[in-house]
Each structure stands twice: as C-alpha cells, then as structure tokens.
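Data block below; observations after.
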2 protein chains.
Amino acid sequence: MLAMRSFFLPGGTIKYRLSFCLLLTVFTMNAFAQNATWIWYPGDFEISLANKMQNRRTERGTFFPVFWKMDNHYVLMDFHKVFQLDQPEKVSIFVEGEYNVKIDGKAFEGSPTEIEIPAGKHKINIKVFNQAQVPAIFVKGTKVISDSTWLVTFEDKEWIDETGKTSDISATQWLNAGSWDFDSPLRRPSQFSLPLKKQSPVSTTKTGNSILVDFGKETFGYIQFHGLIGKGNLSIYYGESREEALSPDHCEALDRVKVDYSFKLEHRQFLSKAFRFVNIQFDPGVNLDSVSMWYEYAGLPERGWFKCNDEEINRIYDVSKYTFELNTREFFIDGIKRDRWIWSGDAYQSYLMNYYLYFDRPTVERTMLALRGKDPVTGHINTIMDYTFYWFIGIYDYYLYTGDLTFIQQFYPRMQSLMDYCLSRRNKDGLLEGLPGDWLFIDWAAGLSKKGELSFEQLLFCRSLETMALCAGIAGDHKGKGEYAKLASDLKAKVFSLYWNPAKNALVHSRIDGKQTDNVTRYSNMFSIFFNYFNDAQKQAVKNSVLLNDSIQKITTPYMRFYELEALCAMGEQDHVMKEIKSYWGGMLKLGATSFWEEYNPDKKGEEHYAMYGRQFGKSLCHAWGASPIYLLGRYYLGVQPTSAGYAAYSIQPVLGGLQWMEGKVPTPSGDILVYCDKKKIRISTVKGNGTLKLKSKIKPTGKNIQVNIISRDVYEISLNPDSNYEISYSAL
Amino acid sequence: MLAMRSFFLPGGTIKYRLSFCLLLTVFTMNAFAQNATWIWYPGDFEISLANKMQNRRTERGTFFPVFWKMDNHYVLMDFHKVFQLDQPEKVSIFVEGEYNVKIDGKAFEGSPTEIEIPAGKHKINIKVFNQAQVPAIFVKGTKVISDSTWLVTFEDKEWIDETGKTSDISATQWLNAGSWDFDSPLRRPSQFSLPLKKQSPVSTTKTGNSILVDFGKETFGYIQFHGLIGKGNLSIYYGESREEALSPDHCEALDRVKVDYSFKLEHRQFLSKAFRFVNIQFDPGVNLDSVSMWYEYAGLPERGWFKCNDEEINRIYDVSKYTFELNTREFFIDGIKRDRWIWSGDAYQSYLMNYYLYFDRPTVERTMLALRGKDPVTGHINTIMDYTFYWFIGIYDYYLYTGDLTFIQQFYPRMQSLMDYCLSRRNKDGLLEGLPGDWLFIDWAAGLSKKGELSFEQLLFCRSLETMALCAGIAGDHKGKGEYAKLASDLKAKVFSLYWNPAKNALVHSRIDGKQTDNVTRYSNMFSIFFNYFNDAQKQAVKNSVLLNDSIQKITTPYMRFYELEALCAMGEQDHVMKEIKSYWGGMLKLGATSFWEEYNPDKKGEEHYAMYGRQFGKSLCHAWGASPIYLLGRYYLGVQPTSAGYAAYSIQPVLGGLQWMEGKVPTPSGDILVYCDKKKIRISTVKGNGTLKLKSKIKPTGKNIQVNIISRDVYEISLNPDSNYEISYSAL
C-alpha cells in the first residue's frame, strides 16, 4: 500500500520521496469540512471571476480585453449528495440561478428555500441553470450541508423509458464540487469583490482648473472626489510617475467624467486603476474640494518574512513584498497598471514567491484554473508556447509545496487535453517550433531569435512531460504515466544530442533547417541547471561559459533575472547573487522606485526608464516578476525548501551570502519554519515533517539534542525533529 | 470547373447530380445583403435562445431542465471587415456588451456610438464582451454596414513585441458572422420573443371558488386574468383534456399565484403553457372577472397546401398543419405540453414537414445549431445515439431541399468533431453498441430490445457517414471525403453480411455476443427501403415479410408511423397508405383530437388515451411527429421532390392513392410548384430548375408544349420547363 517514487526537483539536485497513502489521508481530510459553504462546478467560479477581472483593463479609456479565447462556466449544473440521517431535518437552500430540488429523484414543487428531509438514507439533487453567473448552491441543515464532498456534473443523463421508469446510466464523471470561503448564505460567489480601505494623498497641488495628487507610493484602487460640483467635463490622468500623470497625451490610463451636480457630492470612480500620481483637469464650470482613494487589496496574511543586517536588502525585501501585494489580487496578475491580466509565465513566478510569503493555496489554484480554461484547447495559454509549459511546471511545484493531491486528481483531464494539444503540434522531428498562432516569448530582449526549433521551448516541454508522468500516477492513469515518462526521456535525450555544443560548452539557442545555430543565450542553459538536466561537469562549464560570461546577451527583465539568479544560487553563488540583488533591485530603489518594475536597464536615464513597447510610459512600474527577492531570500539564503510533497520532508541550508546575520520565517502546510543564522549560531524552529539542516562550518556543529552527520570536509547534516527548537553553534566558512 | 457527383437520396431511388459552381454562385449571393443587421458568432445566438426556450419547461410547477450538457456562447468576440470607401462616412454602432472599436488597429477612446471613417481602404474591428448574453453588433453607415460578410472569431491572437509592433499571426479560422432578421438597431437579439395574439375562451364555467375555461382547441400561450382582486392563493391546473384540467393531483402543468391586490388588476402569467382547458381554483378571499389568453406563435407564412375530394383527409391535413404550427416555435420542438425541448429525432421529421409547408430555412438552421451545441462532444445529441445520426441526415436533407452550401461550409468542423465522437465509440467489430451514457431510443415500443449491436443504429450510422462524405466534398476536405466514403461503404457491406437473414427475408433487429438474433422488427427494414440500401428483390421480399406482415410488432407512435408509411409510399403503396392515414389519424379525430398525439393506440378506451410514461396524463396531445401527413401528402401524393440540391432538378409524380382529385402547392427555393391531379387531368405550374413529370397512364398523355417519353408500359416521363404552366390529359390506371 506504500508507493514510493522519486522525481527530480526544479531548482535543486535533491530527489524526494513521498508516501501516497499518508498524503491521501492528510489531504482529503479537508474535504470533510463541518461548515456549509457555497459550491460550484470546479473551475467555473474561477473562470468567471477571471473574465470579470481581466475585462477591467483599459488603455487610455478604452476597453481592452484579452486576445485569446475567454471561456465560460457551464450554465446548467446538477449537484448531489447522499446523506444518512438518524433524524429528519429541516434544510435551508440558497441558489444562484433557477433551480429544482429532488429527494431520491422526486422533485419538490417550485423552487423551495426550505425542505424537510426524512430520516434514513437519501439522495438530494439540486439542479441549477444560470446563464449570466456561475450556478452555485449553499445548503444548510444539521447534517445536510453543502461542501466539497458534494458531487457535480454538467450532464446528468437521466432518462425515463416508456413505462416512466427512470434510468441513470450516465458515464459522466461526477466531480467533487469546487468551493472557497463563501461560508455564509449572504456571501454569494457572484458578488465577490476584494476589500477596500481608504487612503489619503501625501500632497495635493491645486492650480486653476487642475489638481495634481501624489499618494506617496505606487498604489491601486478607486479615485474618490469630495465635494464635486458644477457642470462640465473632468479628466483624470493617472501616472505611476509624476511625468506620466502630467502627460495627458501619453499616460496609459485615463478616465473621463461628465459632471452635472448642482450640489456638492461624493463621487467614486467605477473602475480601479494603478497610480501614484493623479492629474485631474476640469472645465471652468466644475470644482471639487479634495481627492482621496480606496485602496483595493487581497489582504492575504503574510506568513513568511526576512530581515538581516543589511538595510538595503531589508528595503528590497519590503518593496518586493509590497510589489507582490499589489499584484496578488483575485489572481496573481502581471502588473497593476497596464495588463492586469493573468499571464502564465508571470503567474508561475508568483506561485513561487507565494510559497515564501503567503502560502495561499486558493490563489494558486484559482490562477491555474483561470489560465487553463476549458476544452477544447484552441491555442496555447495566453497564446504563448512557453506559458503553456509554465502552467504544467506550476502544477509540479504546487504539488511539491502543498502536497495537495485533490487538485491534480480533479484537473488531470484538463492537463491531458492541453498536453494532447502540445503533442499534436510536434514537427516531423518530434520538436516544437512556432506554428501560426503560437507566440514564442521567452523574454523581452532585443533581437531574440524565434526562428526554427528553440532549445528553450523543448526544455520546458520536456519538464512538462515529466510533470504529466507524475500527475498521471497521482490520477491513477498508469498507462499515461509510462507513456509520458517515455516521451519525456526521449525528448531529453534529443535535446542534448541536438543542442549541446561541446566547443561552446553550452546548449545553443536554436536549430534552423535541421542545423544547430551558433547562437548561445542564457535561457536554456540556466533552466538546465535547476531542472538538473546537466551533469556536474556541464554545470561547472556552463557557469563560466554562459552565466558569468558577459559576452552573452544580458538579461534586462526581472522576469528572467529570477531564473538567472536562481541558477547561480543553485550552484552556491549566493555571494555573487547578493551583490546582483543590491545592484539591480537597489538600483531601482535609488531611482525612487516604490515598487519593482517590469524591466530595468541601469544604462538608461531619467524618463527613458518609463518607456517600453514604443510608448513613452508603456512600462509597468509595479510588476509581480519584480518581487523575486522574496523567493530567492527564502529559498536560497534562509535556504528552506520541501524535498517531498507538502513538506513531508524538507531541507534547511542557510547561506549568509555575505550578510552578517539574517532571520526569517518560511511557511509550510503545517506551520512556519523559523531560521536565524549568523556566522556562529543557527536557531531553528521546525514544523511537522522530517527536516534536514545542511550547513558548511569550519568546526563540527554542536547543540542540544542533535546528531551531526559529516557529509564531506566542512559539510554537515543534522536531522531535525518535528515541532522542535534548535540552537546550533558552528563557524561559518 | 464543373464538378459532377451523384448520391443516393433518402426516400427514393433516384440519383441526383449537381453543379457546384452554379450553386455556389446562386447561394452565396445571400451573403451580400444590402441592409444592416445584427450579427454574432454563428451558432451562438441559436444556442443561447435554445437555452432560454428549453428552460421554460416545468413539470407540475417545478423547473425541469434538460439532462445533457447545455452549451454557451463565446463571451468575447472580435468582429471585423475591410471596407473600401470612396468618401468618408459616419457610422453608427450598436452593441450588446462592453466593447471597443478600432480602425486599422487603432482604438477610439471609450466605446463610441458613432465614428467617422475616412475615405480609402480601412479595416474596422469591434471587440465585444458579454457574459450574460450573446455578443452582437449592429453597424450602420452608408457602405459600412454589419451583415454576414463580416468575419468573426473568439480568439484574435494579436500581440505586440517589445518595440510595440503589433502582430497578427493567428491561425484562427475567421468565420462569416451569423445573422437572422434583426434588421433594426432596436431589435436586439437578446430581446427576441415570439409574437402574441389574444384569444378568448369558447366557454367559461364558474362554480364557487373555481373556474373551468375551454379554449375550444389545443392552444399555447399565457393565461390572462381580468379583474383579479383579493388576497389568497390561486392555482391554475392546465389540461390538454378536460379530464386533465380537472385533476389537480395529476395534471402535468400547474401554476400557483399569490394574489394580494386591493383593486381589480389585469394579471398575465409569466410562463407560457400548452392547454385547451384551464381549471382555476382560488381561496375564498380571491375573485376574478374572466380569463383569456395570449397565443404565442412563430407566424411563419404557409407556402405549401393540399386539398382533395376527401373531407376527412382535408381535415387531417388541416389538423396536421395546426399541430405543426404549435410545435414550430423558436425551434422545432417535440410537443408543447411537456418537454418543449428540441429533440433531434423529432426535429428531423419537422424539417421534412417544413419543406412541404413553410420552407423556412432559418428555423431548420437554428434547430440544427442548437442541437449540435459546441465542442467538446461529451455525449450523443439529446444523449440518444440515433438522434446524433438524425442530425447528420437532417443536414443531408437540408442541402437537398435548400441547396445552401454556406451552412455546411461553416459548420463542417462541428460535423467532424461529432463524427469523431461516434467513430471513437466503435467496438472491436467496428459497430456501435450502447456504451454507458448512451440512450438507444429507436421508438417507444413495449419490450423493444436494446441489447447488443442493433442493425437500426448501424444503418443510421452508415447514412451519417455518407452525409459526411458529401459534406467533406462541399467543405473542401478532399481527404476526409474519401475516408468517410470508405467507412460508409465498409459499414454498409458489414450490415448486410451481419444482419441480413435470407430465411426470414429481412434484416434482423440485433446481434448479441457476435451472433444474429431471431428478432425481426420493422425499423431497419423500412429505413433500408428509402435509404435505397436494398436491391429490388430484397425490397419486394421485405414488403411482404415485414412491412405488410401483421405478426411483426406493430408501430404505435406517429413517429415511426412516419417512416413506415414513407417506406410503403416509396414502394408505390399509396392506396394502402391512404387507408392507413384515414384509419390512424382519422381515428384520433374521431376521438375529438384538435391536434395530433404523441402516441395513438386504437385499442385503448377513454382516459386511457391520455396516459403515458406511467402517468395519468403523461401523453402529449400535440406532438410535432403527429403532423407527418403534411409530408406524406406533399411528397408522395402530389409527388413533388427535389432530385438535385435546392430543386435545381426535381420530379413530380402525382399519385391519387384512391382520391378522385387533389390539388396543392409545394414550396421550393425559387417559388411554389402547383399540382392539380384528377383521373384524367394534371395541371402543373413550375418554378426555376429542371422538372420531370412522371406518371402512369392507360393512354399516352397529351398536352401543349410537351414531349412525352415512354419509360415502360403505362409509364411516361415529361420534361418540364422552368416557370411554365402545363395541362396534361391522361387516364389514371
């Protein structure tokens, strides 16, 4: 009954093992919650909410929706559960949609809001239609309550024969209902919105018919006018920078208001926006007293934290957190000013940051469900081939960090159909190249070639196939497991035979017309490090030939910086990376950044920093991918990472990387791991699961209740018991 | 350039030929309408309207939705067209949804309702989001108008690179927009409803706190109360029969009204119902003056008609027409009392009746689109295997009668994916048997075996594959054409080798565990006649061994009666069929039917006629499939049928079948064919296309401007010119 498997981790060289039986027990317990909650078809609320959120994007006052297929909820839904009742009970029913209620196949007249269920074993069905919103129910009796143990389907296939006999010979998969935290009948899923809190400007400059307001830092929400009066037009020009707000012709976001108030009114804008500065211009007939705003936020509790002796690093960590807070909304979005969309590649990094800050599972799940949408698959996620693959790899990480099997079991069919799409697009050599409709992104980088078959895409494809093999096992698809594993290993072998160039000591960028090109870029080389696809010799070679080689095109986005620095950390280059963090993120702070940017090039000057996509203020100054120090500091300095699913086992490998001391917490499913580390002392509070402290020390570490294993010269391992405190003396190298 | 092909017709032995070039010219002309009209993604309005209509079903006051997947519109839609303008023009824009407007890729600010387009060649894009309703636009300038020449997609896949350059490397199929007759900006598709007209009862009986109202005949619509006053409960019990209305406990449809009016009010029920009788019961505190109703109807103009010397047949024809009128609504539905749903097998017969009465193409298209829904295919249409096949065969007929290529070209991908679903469910012998989730219907018939592989299902499958081959050719899928044709011919051969029993002179009903069963039923034998799958010897043998053999289980539904009588007519048994029509449909009239029933068994007595499905009033007394005399009289007595697509060629083969004289019109795409026939004279007015009169006569027929070809003893053919009148003398056999 105890299945053991091993799988390569991204971002490390450690294999992990897991016990399915144990995990199944732990993680299905959640499914038997005692409280009634609103339920729906899994994924449907998420898709619907994503549609609402993403359609709030405007560009200079114009509605700006996505350019890929927007999916929709199933409009007709059947919910059911069988209950065994010792006594009859009264049950209240709340529904979003038109509905009927059946007990043991017999319908109540009308759409009852309260029913009585007799004692005994009974099946309750509620069938709901809702075109505009997600069909959802909330049921509350004593034992009869709605939760994720209810089963749902969009096709119940029940019919009668000529004698009136009802048959249900459905082959339909009944799925466990989806839910979140809508635990009161009044908290209707369709009415969901993020909380708001009031914020005031730090300065307001009124000149004639215009007002310039500065909120002191990057923020997001709804502008509110106080004492608005008169008749005429009013325009609001939003700016992440003062320059942008003062540029009515080039600012990215604006609003027009037709004012016609004969007495002073409070007026709140309907659409939220991102800004620090707001420039309000109005006709002579219009006036207003003051301006404030409603800050809109997700309000997830911060569980992880980091501090150290270096105040610049502390500031970088804090601004990273704030950047990440602003971009963690209904979903993990890319940036708050422009797109406000869910981009799979961007979201993938947010998942990882989240595991070191909020450890909020629902936002990860929601984001993955919204990205995946529904069948049929008609294009890559966000139209981008690499973004499809990040979606798969994100599931891999999700499982590793949370240990949750339910999500994978529930959505494995959607993984399969997306992978079928990818497999169907391979060329005659079994490789993926850009077909019409495919966007090959990789990174914003001048002149990056997208021609032919890119090594980077094949690498991500291979990792995605490995994820499929893992998930096939979890979902009980044993045939699929073998097939995906074979596809993955074949592809990996092909990647090395086709792209590895021994003279260059690197994977080349691409293959055109069946031939290796000369082009070496960082992307596939750095991913191969933390995918553990290189052998040790290759890793060392690539570190010098690519990673630390300034003649290879530099990375200018924090997006790919994330992976570049991760690869270096995975090779033990924390000292080097610390300097890079201070120079790159510290560089933005020196320019006055209050949140981290979509792109940063230290060679640019002044307003040049705000331009992108050929637009004067096209760049987002608050981009989720700018917040990666959260992840790097937690994972590679505090050094905490799961080594089997859900932190059933984990390692702690603190590396000061040039700091005098550091301290912080890393959240896990069963609590937060505390790590303090200076050059002589390490203090740790552990959680459930089997921990291993790995450290380098000039002396053999000492402490209470520890057994020290010597791994190699100056390298030690100490097993850590669950829920324990340790204080260890050592001497940093 | 002139492709010629031949294909077997259902319901006849004639091959037809068609010229694609000619037809393409004729039928794409429609696409260049001069009037602005509301447009949408093809199929989406239809699916959305079907959802609305089908969800109006209630059973004893309870919402009763379908038990298969209800599809949904695409919520985000891009519409575009390129215009060449000699002069700038002002264009008005009306949209259902949030939207933006672009000219040559550049967006207007906000959501403009009027724009100016400069002279020259310009591309206009309108992108619309609407979750609750179908995204639709109405655009009206001088040359710039919205019509079905606009292109639409649900994924435009336009993106920009890091320099801001926009790319559109979409591989998406842009489809021609869908439209109907929403030719004014005020006629918004989402607001569509059928017209209403007032009807009064023929009798009202008031006794104490109840009123029994008789509308004199089967009808459909909204009950209206006049002078409703007081406080208390009121119940409405609807009845297709007096007995049903008087049975509050067993009537199929009822409404409850909470009355709380302190002065007399007009009150109209919100949901339409089918009824002849209405029994209204109310609390002592409630009163009302009188009751009337609003009749709801599609109002399609009747183009076909039939009359003859036999008044019973004339009455049968009229009641058939009324039955069909009641069931021809937003879509062709099964029956107005109970399901009010679109059932593919029922609708298939309505298509055929429609070709002989309304010739209304939009209702056929809407019905087929609503039935098909969207990908992915997760079950058979209406969950019924045979109903999937009727859908394919319905397209075949649609093409034959209308000649319209556009529909097939547009929806061929949805045909393919549905056929893929069928093909994927074949067993190891390449046959279809019932898998979990499949309903094998065939007919309501006691004890009908559904075990093993049914010959009937294989026959329909084979015909569907032939349809796919035809449509593949039309859609330009030449590879598919060959593949489907091969699959069809292989399956046909298999059907005869596996099911034909020479001793029984019949196809047997089924095959269980790889062996022919002994069971012979009428279904596959009669279909093989008008599918022309039998050779002449088999046909004659089957006529006696099955069709006219009383020991073979009888058919009791007008549904299968349709095909049984069609098969007999196709074999020249019009005399016999006329007697059957008089006895079967005449039988219902003698029992007081004002519309034709779902099922009729002359052996039953009194109220027994109203029962079905184990329910006292379960039977529908107004069922579309009861109206088949419309089709039989038009096609097999007046004898008019297309012999190539869209009546480019057609035949007229009048057969009196025992009547003294008959007269009538049959609609075609280019006008109505008039036929008068008695025993000595035939008068015909023709339409466009090449007609052929076929007749049996004791003498050689004579008349002006005709050339008579002698086919065999007493059998003659006369070519008919387009748009001409003929009077022919002959002597009926």
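The values are calculated or read from the model by the stated rules, or taken from the named source; none is laboratory data. Since we're looking at a predicted model, the values are computed, not measured. Cβ coordinates were reconstructed from backbone atoms using ideal geometry, including for glycine residues, and neighbour counts include every protein chain displayed. For accessibility, only protein heavy atoms count, side chains too; no ligands or nucleic acids. Shrake-Rupley method; radii C 1.70, N 1.55, O 1.52, S 1.80 Å.
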Can you give the direction-averaged projected area of the convex hull of the alpha-carbon atoms in region B:458-559, in nm²? 7.7 nm²
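Can you compute the charge dipole magnitude of the protein assembly as shown about its Cα centre, using +1 on each Lys and Arg Cβ and -1 on each Asp and Glu Cβ, nothing else charged? Give it in debye, rounded to the nearest 20.
So the dipole magnitude of the protein assembly as shown works out to roughly 1240 debye.
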What's the Cα-based Rg to Rh of chain B, Rh via Kirkwood? 0.99
Mind jotting down the distance between the C-alpha centroids of region A:341-398 and region B:38-67, whole Å? 34 Å
Where does region A:544-638 land on Rg/Rh, using Cα atoms and the Kirkwood Rh? 0.98
Violating pairs (Cα-Cα greater than 21 angstrom) within the set A:428/A:515; B:106/B:165; A:307/A:337: A:307/A:337
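Sequence gap at least 6, Cα distance under 8 Å: using those rules, report the relative contact order of region B:654-733 to the nearest whole percent.
31 percent
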Under 5 Å from the placed amide H of residue B:594, counting only residues 5+ away or on other chains, we find B:218
The correct pair for region B:128-246, radius of gyration to one decimal and Dmax as a whole number, both in Å and from Cα atoms, is 26.3, 83
Within 10 Å of each Cβ in A:421-428, the average number of Cβ atoms from other chains: 0
Arrange the peptides A:621-633, B:453-465, B:497-509 so that the one whose residues have, on average, the most other Cβ atoms within 10 Å appears first. A:621-633, B:453-465, B:497-509
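How big is the B/A interface in buried accessible area, both sides summed, 1.4 Å probe, to the nearest 100 Å²?
It comes to approximately 5100 Å² buried between B and A.
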Once phi for every residue in region A:411-425 is put through the Karplus expression 6.51 cos²θ - 1.76 cosθ + 1.60 (θ = phi - 60°), the whole-Hz ³J(HN,Hα) values, with Gly and Pro written as x, are 10, 3, x, 6, 5, 4, 5, 5, 5, 4, 4, 4, 4, 6, 9
Students often check this: by mean Cβ neighbours within 10 Å, which of B:551-559, A:444-452, B:383-391 ranks highest, and how do the rest follow? B:383-391, B:551-559, A:444-452
Along principal axes, Cα extents of region A:230-311, largest first, whole Å: 56, 27, 20
Most positive-pole-ward Cα, A:733, A:108, A:407, against dipole of chain A from beta carbon charges: A:733
Number of partner chain Cβ atoms within 10 Å, mean per residue of B:68-81: 5
Per residue Cα convex hull volume for region B:378-459, in cubic angstrom? 111 Å³
Please work out whether region A:619-733 counts as rounded, prolate or oblate from its C-alpha gyration tensor, where a ≥ b ≥ c are the square roots of the eigenvalues and a/c under 1.5 means rounded, while otherwise a/b larger than b/c means prolate and anything else oblate? oblate
Report relative contact order for chain B in percent, whole number only (criteria: Cα-Cα under 8 Å, sequence separation at least 6). 12 percent
Amide H neighbours of residue A:98 under 5 Å, counting only residues 5+ apart in sequence or on other chains, H built in-plane at 1.01 Å? A:129
Name all residues of region B:118-150 having a backbone nitrogen under 15 Å from the label point set 7 Å from the Cα of residue B:87 along its Cα→Cβ direction, giving them as ranges. B:118-120, B:141-144
For residue B:549, which inter-copy label distances result when the label point lies 7 Å beyond Cα on the Cα-to-Cβ vector, reported in nm to one decimal and in ascending order? 8.5
Inter-chain shielding metric for A:452-464, i.e. average beta-carbon neighbours from other chains within 10 angstrom, reads 0
Charge dipole (the protein assembly as shown, unit charges on Cβ, about Cα centre) - positive-most of A:319, B:695, A:478: A:478
Charge dipole of chain A built from unit charges on the beta carbon (Lys, Arg +1; Asp, Glu -1), centred at mean Cα; most positive-end Cα among A:645, A:461, A:655 is A:655
Per residue of region B:345-356, in order, report the coupling 6.51 cos²θ - 1.76 cosθ + 1.60 (Karplus, θ = phi - 60°) as ³J(HN,Hα) in whole Hz, putting x for Gly and Pro. x, 5, 4, 4, 5, 5, 3, 5, 4, 4, 5, 10
Given the rotation relating B and A, tell me which residue in B puts its Cβ closest to the axis and the distance in Å. B:132, 2
With all protein chains present, region A:368-467 has a carbon and sulfur share of its accessible area (1.4 Å probe) in percent of 53 percent
Those aspartates and glutamates that a straight Cα-Cα span of less than 12 Å connects to residue A:140, excepting residues fewer than 8 apart in one chain: A:89, A:114, A:116, A:183
Rg over Rh [alpha-carbon atoms, Kirkwood Rh] for the protein assembly as shown: 1.01
Taking r as the C-beta separation of residue B:709 and residue B:496 and R0 as 41 Å, the FRET efficiency to the nearest 0.05 is 0.75
Inter-copy spacing of residue A:587 label points, which lie 7 Å from Cα along Cα→Cβ, given in nm from shortest upward: 9.2
With one decimal in nm and the nearest listed first, the spacings from residue A:56 to its own position in the other copies, using label points 7 Å along Cα-to-Cβ, are 3.8
Proximal lysines relative to residue B:481, as straight alpha-carbon distance under 21 Å, when same-chain residues fewer than 8 apart are discounted: B:15, B:492, B:494
Read phi for every residue in region A:241-246 and hand back ³J(HN,Hα) as whole Hz from Karplus 6.51 cos²θ - 1.76 cosθ + 1.60, θ = phi - 60°, with x for Gly and Pro. 10, 4, 4, 5, 4, 7
So what does residue B:337 come to for accessible area, using a 1.4 Å probe and Å² rounded to 10? 20 Å²
Output ordering of B:480-493, B:46-59 (per-residue mean of other Cβ within 10 Å, highest first) is B:46-59, B:480-493
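Under 8 Å for C-alpha pairs, at least 6 residues apart: give me the relative contact order for region A:275-429, rounded to a whole percent.
Relative contact order comes out at 18 percent.
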